[in-house]
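Report on the following structure.
The values are calculated or read from the model by the stated rules, or taken from the named source; none is laboratory data. Please read all numbers here as calculations on a predicted model, not as lab measurements. Glycine also receives a Cβ, built like all others from the backbone with ideal geometry; neighbour counts cover every protein chain displayed. Side chains included, ligands, DNA and RNA excluded: accessible areas come from the protein's heavy atoms. Shrake-Rupley method; radii C 1.70, N 1.55, O 1.52, S 1.80 Å.
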Amino acid sequence: WRFAKELEGRFDGIAWTPWGTVLFAEERTGGKVWELNPLTLELNARPALGLKSHEGIRIDRRGNVYGISETNPGFIFRFTPDTYGDLSSGQLYALEVTNPTGDRVGDAEWIPLDRSAVQVDANAAALAAGATGYNRPEDVELGTSTGDDHGPDNILYVALTGPSKSSSFLSSIES
């Protein structure tokens, strides 16, 4: 667990994958997601999920990984692996509100980000693609992320912060 000692105090976002590995996300500028196989102790960086200050991370049953960047502006992300269970390559998306019904809420779509650019700076890639920015998003949850397999995993909950208020965001994430 050498890596944990070197990065002590910098993780935010730890989640089990459906295929039995554990993801750890670094909460710092240029932070990576790390995938650990607890049986073999094999540890791999997963830069395709985007380099950013990670805050929260969740995985749905289809293997999509959701997370946010805790910056201002911060963005809401979805990563879809090219192959289920293999996070070494895939498409990172950022949320764009397309039909606002309030302050950065409403109908939205996932816009694809440049695969090379997200491995340098996912926030810059999201901004360049026109994604909706938020004031330091705080956490992300799925309907099933607390182990309740009876809830829908097609609803994404995001806690948003702002200069004078806290609010929450609900999104259908059907692909």
The range 90-103: number of residues that are outside any strand (DSSP E or B) and touching a residue at least 60 places away in the same chain (Cβ under 8 Å): 1
Complete set of residues in the range 9-42 that are polar (S, T, N, Q) and either within 15 Å of residue 65 (Cα to Cα) or under 16 Å from the mean Cα position of the chain (by Cα) (or both): 17, 21, 29
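Which members of the range 92-105 meet the condition of being surrounded by 14 or more Cβ atoms within 10 Å (Cβ to Cβ) and either touching a Leu at 6+ places or on another chain (Cβ under 8 Å) or at pLDDT below 90 (or both)?
The answer is 92, 93, 94, 97, 104, 105.
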Near pairs, Cβ below 7 angstrom, 6+ apart or cross-chain, from the range 115-139 (part of a helix (DSSP H, G or I) and modelled with pLDDT of 95 or more) to any residue that is open to solvent by 20 Å² or more (accessible area, probe 1.4 Å) and of a type in the set (S, T, N, Q): 123/71
Verdict on residue 175 being at pLDDT below 75, assigned to a loop (DSSP other than H, G, I, E, B) and under 15 Å from the mean Cα position of the chain (by Cα): no
Qualifying positions in the range 106-139 - open to solvent by less than 20 Å² (accessible area, probe 1.4 Å) and more than 15 Å from residue 72 (Cα to Cα): 111, 113, 118
Residue, modelled with the lowest pLDDT, within the range 26-60, restricted to residues that are β-branched (Val, Ile, Thr) and open to solvent by 40 Å² or more (accessible area, probe 1.4 Å): 29
Candidates 111, 68 - the one that is closer than 24 Å to residue 136 by Cβ, assigned to a strand (DSSP E or B) and at pLDDT 95 or above: 111
Top-ranked residue of the range 73-89 - restricted to ones that are touching a Lys or Arg at 6+ places or on another chain (Cβ under 9 Å) and part of a strand (DSSP E or B), ranked as most open to solvent (accessible area, probe 1.4 Å): 88
